[in-house]
1. I need a count of the residues in the range 1-42 that are surrounded by 15 or more Cβ atoms within 10 Å (Cβ to Cβ) and closer than 20 Å to R266 by Cβ.
2. Evaluate the following for V321: is it assigned to a helix (DSSP H, G or I), surrounded by fewer than 20 Cβ atoms within 10 Å (Cβ to Cβ) and without any contact (Cβ under 8 Å) to a residue 40 or more places away in the chain?
3. Please give the strands (runs of 3 or more DSSP E) falling wholly within the range 81-192 in which 2 or more residues are open to solvent by less than 10 Å² (accessible area, probe 1.4 Å) and away from the ligand (no atom under 16 Å from the Cβ).
4. Taking the stated definitions as given, is R208 touching a helix residue (DSSP H, G or I) at 6+ places or on another chain (Cβ under 7 Å) and within 17 Å of A110 (Cβ to Cβ)?
5. Would you check if A244 is out of contact with any Leu (no Cβ under 6 Å at 6 or more places or on another chain), of a type in the set (A, V, I, L, M), open to solvent by 10 Å² or more (accessible area, probe 1.4 Å) and away from the ligand (no atom under 16 Å from the Cβ)?
6. Just for the range 214-235: of the residues that are in a loop (DSSP other than H, G, I, E, B) and within 16 Å of the ligand (Cβ to nearest atom), which one is farthest from S408 (Cα to Cα)?
Amino acid sequence: MEPVDLAVTALHPSVDDPALNSMNFLNEVAQHYPEAVSLAAGRPYEEFFDSAVLHEHLDAFRRHLADDLGLSPEQVDRTLLQYGRTKGIVHHLIARNLAVDEQLTVDPEAIVVTVGCQEAMFLVLRALRAGPRDVLFAVAPTYVGLTGAARLVDLPVRPVTGGPDGVDLADLRAQVHRARADGLRPRACYVMPDFANPSGVRMDLAQRRRLLDLAAEEDLLLIEDNPYGLFPAAGAERLPTLKALDTRRRVVYLGSFAKTVLPGARVGYVVADQRVAGSDGTVGPLADQLAKIKSMVTVNTSAISQAVIGGALLAHGCSLVAANVRERAAYARNLRHMVDGLARRFPAGGPVRWNVPAGGFFVVVTVPFAVDDALLHRSARGYGVLWTPMAHFYDADAPVNALRLSVSAVTPEQIDLGLDRLAALITDASAGAFGAAVSARAAP
Ligand SMILES: Cc1ncc(COP(=O)(O)O)c(C=O)c1O
């Protein structure tokens, strides 16, 4: 055995937590089987990437700084090349984007531009976790990045039933009361009202309003994460975000440009307009407190990355809806192809079931056997298809009888091939070819 200098048990407990291993594990499986069709990756479709536009975006943002904001050539260079404002340099363009696409009026000072939405999540949870009594709620199944970020700041996450309406409000209320009865302090509930990852579920308008009312009644913040809202299915309308309906400053809104511009820039943001009374008697947006945390984590988001995103926004009048016409059509086509392909391969009323999301990247397939990491390896090795075990999105070890399929990084032909291979795997697993099926928790 190799000599060791440190035991993992001597490090922060999060590093040995399954939530922090999840993304690495799934990436490693994908790298190990590069020939397999990947219905696992929730990445944007790469054929739309074009590195030539990076320079155009940078130039457009430089012109914006000079012509629209009146900066001198020296100031333009400093803005792009020097350390910069902690809260970011494209906050005003993000505010304009939210006004144009979401009819949401936001003070640019309430925005912090972050290194991806992931950093935004971390900043918010770090700020909210003030002491050992604090607890967060999250609709289950939930995005593993949220669970992982909560682990980093020692914030326990209590699952709330999701169900077909996106969140079971009775369960949320009961959970809040139970936590208080346990002496805990509920801080917030994390939700994805638009085409959630992994469930694909979205909340209808009435449910959004009811959730906002509940948050006000229970004195709870809502953390709204919305990376997929721009991608409704064919024929589906977009709905107002929770933040656009929020008249009581209950919602902290997380945004990402990974799916709507490009993930390589690693730019996201948080809108945190909650008024915070400082110890010096001043009152300012929660964003100012988040900026203090950010200054000790990443100092500022890369100005060059922000400039690329800023230029992309400017190229389309700050509308990402306008910028994503092609993408929206492709993802909607793929989603339709996926659910039609499932219907062709699995008889209605049979043991294999799936949801038909109103948009987004993901479909959840429920099967009559436990789906675990070992089955994923078997699928990759023996059948040439990758997907994501739903167990990765639950905060427990119990196996789950469901898997997540993603439509974002594949062509319709790859979807067909992947589904043929998945059907073969499901046939063999259902027939007990891989040993007795483990009893599993049902997926939602
Ligand atoms: C629900 C959700 N939130 C946040 C993120 C991360 O966004 P970013 O790449 O901007 O950090 C993802 C990425 O897949 C996601 O699915």
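1. 6
2. It is false that V321 is assigned to a helix (DSSP H, G or I), surrounded by fewer than 20 Cβ atoms within 10 Å (Cβ to Cβ) and without any contact (Cβ under 8 Å) to a residue 40 or more places away in the chain.
3. The strands (runs of 3 or more DSSP E) meeting that bar are 134-140.
4. no
5. Answer is no for this residue.
6. So the residue we want is N226.
So that you can scan it fast, the table gives a plain yes or no per residue for (1) assigned to a helix (DSSP H, G or I); (2) within 27 Å of I223 (Cα to Cα); (3) in contact with a helix residue (DSSP H, G or I) (Cβ under 6 Å, 6 or more places away or on another chain); (4) at pLDDT below 95:
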position: A287; (1), (2), (3), (4): yes, yes, yes, no
position: A307; (1), (2), (3), (4): yes, yes, yes, no
position: R333; (1), (2), (3), (4): yes, no, no, no
position: M338; (1), (2), (3), (4): yes, no, yes, no
position: L342; (1), (2), (3), (4): yes, no, no, no
position: V363; (1), (2), (3), (4): no, yes, yes, no
position: T366; (1), (2), (3), (4): no, no, no, no
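Rundown of residues vs (1) under 26 Å from L26 (Cβ atoms); (2) surrounded by fewer than 21 Cβ atoms within 10 Å (Cβ to Cβ); (3) aromatic (F, W, Y), yes/no style:
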position	(1), (2), (3)
I293	no, yes, no
E327	yes, yes, no
P351	yes, yes, no
G360	yes, no, no
S379	yes, no, no
W387	yes, no, yes
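The values are calculated or read from the model by the stated rules, or taken from the named source; none is laboratory data. Note that the coordinates shown come from a computational prediction; the quantities given were computed from them, not determined experimentally. Neighbour counts are summed over all protein chains in view; Cβ atoms, including those assigned to glycine, are modelled from backbone coordinates with ideal geometry. Side chains included, ligands, DNA and RNA excluded: accessible areas come from the protein's heavy atoms. Shrake-Rupley method; radii C 1.70, N 1.55, O 1.52, S 1.80 Å.
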